Amino acid sequence: MTLMSIEDSPEEEHCSFFYQLVLDLLSYSAASYSALARYPVSINKELVVSLENFISEQFTLMKDLVSEIKRIHILGSEILKAAQVALDAVTRLCKVYCNDVKWDIYHEKTEDGNIRDCNETENGDLVIHVTNCTIEKLCELGTVAANDGGSLVSLLNLSWKGVVSLLQFGKGALAAKVNITGVIMNLISLASESLRCAAETWSSSVQEKVSLAEAKRIFLPVKFYLINAVRIISQYQTQALSVYKEIALCVVTILTFRISLSTVEHLKSASEVLAEILEPTSLHLLNSLLNSAQVKQENKCQILDWLFSNGSDMSSEAESNNSLDVIFSVSSDSMNKEKMLALGRVALFLRLLTCAPDLEDDIRLGIARKLGWLLDIIVDEDVYCSILVLQTPTVSDTSQNHEFTYQPMFCAVLHALKAFIIMVSSSPAWNEVESFLIENLFHPHFLCCEIITELWSFILRHAESDMVNDIVDKLCTILMQTSRESVLCPQSALRKTARLICTFVTYGPEFMVDRVYSCIFDSGRSQNALNVHIALLMEGFPLNFLSEKKRSIAKQRIITQYYEFLESFEDTSLRESDSGIYGAPVFALSAALQSLQVSLSDTDMKTLKFLVAIIRKYKTSSDNASKDNHRRLLGELLGIISNMKHLYSFDEMEEVILELQNLFISKPALSDSQLFTCKPNLAYFMAGLGHVELSDSDDSARSSAAWELYHMLLKERHWALVHLSVTAFGYFAAHTSCNQLWRFVPQDAALSFDLELGKEADEERFMSELKAVLEKEMACPILQATPNQIALLIREGKILKEIARNNVKCDSEDTFSDRMDIDDEKQPSKKRKFPDGICRGVELLQNGLKVMVDGLSQWQQNQHDSAKFVRSFGPILVGLKM
């Protein structure tokens, strides 16, 4: 009838009578169900067969009506209301039958196997048949009603709420007859299909902002499907366990979709609505299994393993779901499905961390064991890039209207980990967290190392003082063990440990600074304490945080040692000092001055004279060792002077500038391949020339020298030196009294060249680029990465991943011991050649053991608890070597 044209007059009356007949039939069905419910008759097989057939035929009719409801112009709304009344009536009838069954007796008899002699079991089976039939038909009708985008709200509510309410009867007896997993999968499919349709619409639409009302209209039906799925899973956890992959993938998909939406400006509002409406419900979907008392511990671990393991088959499961391609296509990002899913898995892991208070202890323990997975996946270049630039919506704590603020995903990672640490601090999962933090203390990937460092700082800020002191003492012990390492190598074990300690004391409780200072400087337990002292100062040890007495002593010690070295410079041989570094007091003062923690007398000229002497010594040095020592001192002295602005006003500064001109501009300097290491500090020094009286005249030797030095720096093409040189010139230009600044800029300055081709230098281009650089230095814009910046971060992530993998590979090769093959008894004299890798590994192992034995032997002379140290911190020493 829906295919017939109602405009044809001969059929119009026929059509009207037909739909009136359908309406009467639905009303009759509803009345029949109500009559049976009001005046129940004894249930028997004949009644059940008739009732099942009647329900099946009636639902078939309603499905056809619902699927064609838009074509029915005559009595359409009345027919839809009648269908709803019939649905409600059949659901109430099944409830009446279920209430009449004594389910305790039914379960008892069915478990005993004595079914034949019990009418209760027979009645129960017959009720289950009818209820099962009704549930199946309700699911089918609910699926058809959802096909129109969930617009048939009343019918959709009645059908699925009827399914959920009927499944609550029977005390689990329905599980054996009803396809519970099918019902759950049906709801999950409806949710996924709704998201797919939304993604398809938004990805093909113009760049118009999606309104909050539209986003809610689309996501509310999805929430309805998920809520009903949660209710069923909560009651039938054992049955739902068989489809845990589909459930988990649905949750990850929703979180990934939210991330995908947030990367597109005009879809951010939809991302916020999804975060508010769907994320909490989707998490309940998974927690219904994870928090279930009916699900065994090994099954819960299986779910976590599938979600958060590198060897998981989630990607292959996702490949079979074509709708995911459409769901993720709204993003302008070029990441493929697997990479997008990785971000979704990270987002889910962070949500589980933050909702730890709602989880059982066994799940917290399982999550704690997966913390290593989080660092492993951050190493991936695409995830690494997203962690740095991706903005995630969070509800503002100060807002009463649930307004969203955006923060980098990196902040969300730290917040989730800190919340988890607080939650598990007094639970069995703490041991796993502590092991994770210790094992990754020196992670080879810098971002992972930053995360671990921040977590340790957080713990130290809030831990009890006894725990803090214990951690500090152990870290200082490790630091003293590395005291023989090179202090000039930023990646040496000594500098790594010093960097870590400086971070802890800077952001930890106040008493930590004095504790570290006492452990390192007051005890005098190692002849390499000065080496450790310099390493800590180079890494920014906060002298100003010391108590007043210790701070005064520490600063006075630095200055006194510096002047003693200057006075004895001419008489001191170039042999290495006890600290292992020549001119250690100069390095110490330079490091302390960079953070403006000490100051020298305004009337002291020794530093300027010493710099001139070092320059001359460097030019006349014949052997490489002497040149290396003097070149290092030259760089440090330039750094010292750049932090002492008052020295620029002294007459001796002219001699310094002329000597630097002669050193860096002369022909010998062009062939000196190592002198470039001083140019960064030279750039800092040149910035201070803004405080020097420079003449615009060509007759001024001092001004000419300054012009030539700036010409040399601004011609540098290395990006780091370009940045330092331009920044220095900007400071100089802002403070100098010179009017002819063009004299300081060469025609072939790096910023004068065309950025794309690197040719055709132009002075006007230099000024425009200089202005752009200086404006970027002053501005603090909201992070909004461009496609080019994202591409650079991804390339950087690949390099960092390769470095991290190589470090792990080297460590595994050094510690791996392969068993030698046993010769055949028939060939006892046969010799086998070891592979080159094993020979090299044995050699490295021997050298390493020798160094460790020498170090421990020396350390044992000053320590009584060495055995305890070796047992506790062996893994950390291995990490330092990485």
Q: Evaluate the range 186-194: report whether one residue or more is farther than 21 Å from Val326 by Cβ, crowded, with 22+ Cβ neighbours inside 10 Å and not assigned by TED's automatic domain parsing to the domain that holds Tyr97.
A: no
Q) Restricting the search to the range 258-312, which residues are within 18 Å of Gly366 (Cβ to Cβ) and either in a loop (DSSP other than H, G, I, E, B) or not assigned by TED's automatic domain parsing to the domain that holds Leu374 (or both)? A) Asn291, Ser292, Ala293, Gln294, Val295, Lys296, Phe308, Ser309, Asn310, Gly311, Ser312
Q) Within the range 342-362, can one find any residue that is at pLDDT 90 or above, in contact with a Pro (Cβ under 8 Å, 6 or more places away or on another chain), in the same structural domain as Cys250 (by TED's automatic domain parsing) and surrounded by fewer than 17 Cβ atoms within 10 Å (Cβ to Cβ)? A) yes
Q) In the range 449-475, what count of residues is obtained for those that are in contact (Cβ under 8 Å) with a residue 24 or more places away in the chain and more than 22 Å from Met423 (Cβ to Cβ)? A) 6
Q: Being polar (S, T, N, Q) and surrounded by 13 or more Cβ atoms within 10 Å (Cβ to Cβ) narrows it down to one of Ser42, Ser50, Ser34, so name that one.
A: Ser34
(Q) Regarding the range 45-57, can at least one residue be identified that is within 22 Å of Thr143 (Cα to Cα), among the hydrophobic types (A, V, I, L, M, F, W, C), out of contact with any Lys or Arg (no Cβ under 7 Å at 6 or more places or on another chain) and not in a loop (DSSP other than H, G, I, E, B)? (A) yes
Q. Any idea which of Ser666, Ser671 is within 18 Å of Ala706 (Cα to Cα), among the small types (Gly, Ala, Ser), modelled with pLDDT under 90 and exposed (fewer than 15 other Cβ atoms within 10 Å of the Cβ)?
A. Ser666
Q) When the range 66-104 is examined, which residues are found to be in contact (Cβ under 8 Å) with a residue 12 or more places away in the chain and among the hydroxyl-bearing types (Ser, Thr, Tyr)? A) Ser67, Thr91, Tyr97
**Q.** Hits in the range 168-184 (condition: within 13 Å of Ile233 (Cβ to Cβ) and either at pLDDT 95 or above or crowded, with 17+ Cβ neighbours inside 10 Å (or both))
**A.** Ile180, Val183, Ile184
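Within the range 187-236, take every residue that is of a type in the set (Asp, Glu) and assigned to a helix (DSSP H, G or I) and give me the one that is farthest from the chain's Cα centre (by Cα).
To start, the set of residues in the range 187-236 that are of a type in the set (Asp, Glu) comprises 193, 200, 208, 214.
Now narrow it down to the ones that are assigned to a helix (DSSP H, G or I): 193, 200, 214.
Details: Glu193: 29, Glu200: 29, Glu214: 31 Å.
Result: Glu214.
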Q) How many of the residues making up the range 616-655 are in contact with a Pro (Cβ under 9 Å, 6 or more places away or on another chain) and of a type in the set (Lys, Arg)? A) 1
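Please find, among Leu611, Leu593, the residue that is assigned to a helix (DSSP H, G or I), closer than 17 Å to Leu566 by Cβ and modelled with pLDDT under 90.
Values: Leu611 fails: modelled with pLDDT under 90.
Criteria check complete, one pass: Leu593.
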Q) If we keep just the residues of the range 647-663 that are of a type in the set (Asp, Glu) and either surrounded by fewer than 15 Cβ atoms within 10 Å (Cβ to Cβ) or in contact with a Lys or Arg (Cβ under 7 Å, 6 or more places away or on another chain) (or both), which is nearest to Ala687 (Cα to Cα)? A) Glu654
Q) Which residues, counting only those in the range 285-320, are surrounded by 15 or more Cβ atoms within 10 Å (Cβ to Cβ), closer than 24 Å to Tyr225 by Cβ and modelled with pLDDT under 85? A) Met314, Glu317, Ala318
Q: Quick one: in the range 109-152, of everything that is modelled with pLDDT of 85 or more and of a type in the set (Val, Ile, Thr), which residue is nearest to Glu78 (Cα to Cα)?
A: Val144
Q.
Exactly one of these conditions fails for Ser159: (1) out of contact with any Lys or Arg (no Cβ under 8 Å at 6 or more places or on another chain); (2) over 30 Å from Asn44 (Cβ atoms); (3) buried (at least 18 other Cβ atoms within 10 Å of the Cβ). Give me its number.
A. (2)
(Q) I'd like to know if the range 410-426 contains one or more residues that are modelled with pLDDT under 90, in the same structural domain as Asp382 (by TED's automatic domain parsing) and closer than 27 Å to Tyr384 by Cβ. (A) no
Q: Return a yes/no flag: does the range 706-726 have any residue that is at pLDDT below 90, surrounded by fewer than 22 Cβ atoms within 10 Å (Cβ to Cβ), of a type in the set (Gly, Ala, Ser) and part of a helix (DSSP H, G or I).
A: yes
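For Ile558, are the conditions met, namely being modelled with pLDDT under 85, crowded, with 17+ Cβ neighbours inside 10 Å and under 42 Å from the mean Cα position of the chain (by Cα)? Reasoning before the result, please.
Numbers: modelled with pLDDT under 85: no; crowded, with 17+ Cβ neighbours inside 10 Å: yes; under 42 Å from the mean Cα position of the chain (by Cα): yes.
No; evaluated as a whole, the condition is false for this residue.
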Q) Out of curiosity, is Phe676 within 43 Å of the chain's Cα centre (by Cα), at pLDDT below 90 and of a type in the set (Phe, Trp, Tyr)? A) yes
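A quick yes/no check of all residues on (1) hydrophobic (A, V, I, L, M, F, W, C); (2) under 19 Å from Pro280 (Cβ atoms):
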{"site": "Arg351", "(1), (2)": "no, yes"}
{"site": "Ile363", "(1), (2)": "yes, yes"}
{"site": "Leu374", "(1), (2)": "yes, no"}
{"site": "Asp380", "(1), (2)": "no, no"}
{"site": "Gln391", "(1), (2)": "no, no"}
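The values are calculated or read from the model by the stated rules, or taken from the named source; none is laboratory data. If you're wondering where the values come from, they're calculated on a predicted model, not measured in any experiment. Neighbour counts are summed over all protein chains in view; Cβ atoms, including those assigned to glycine, are modelled from backbone coordinates with ideal geometry.
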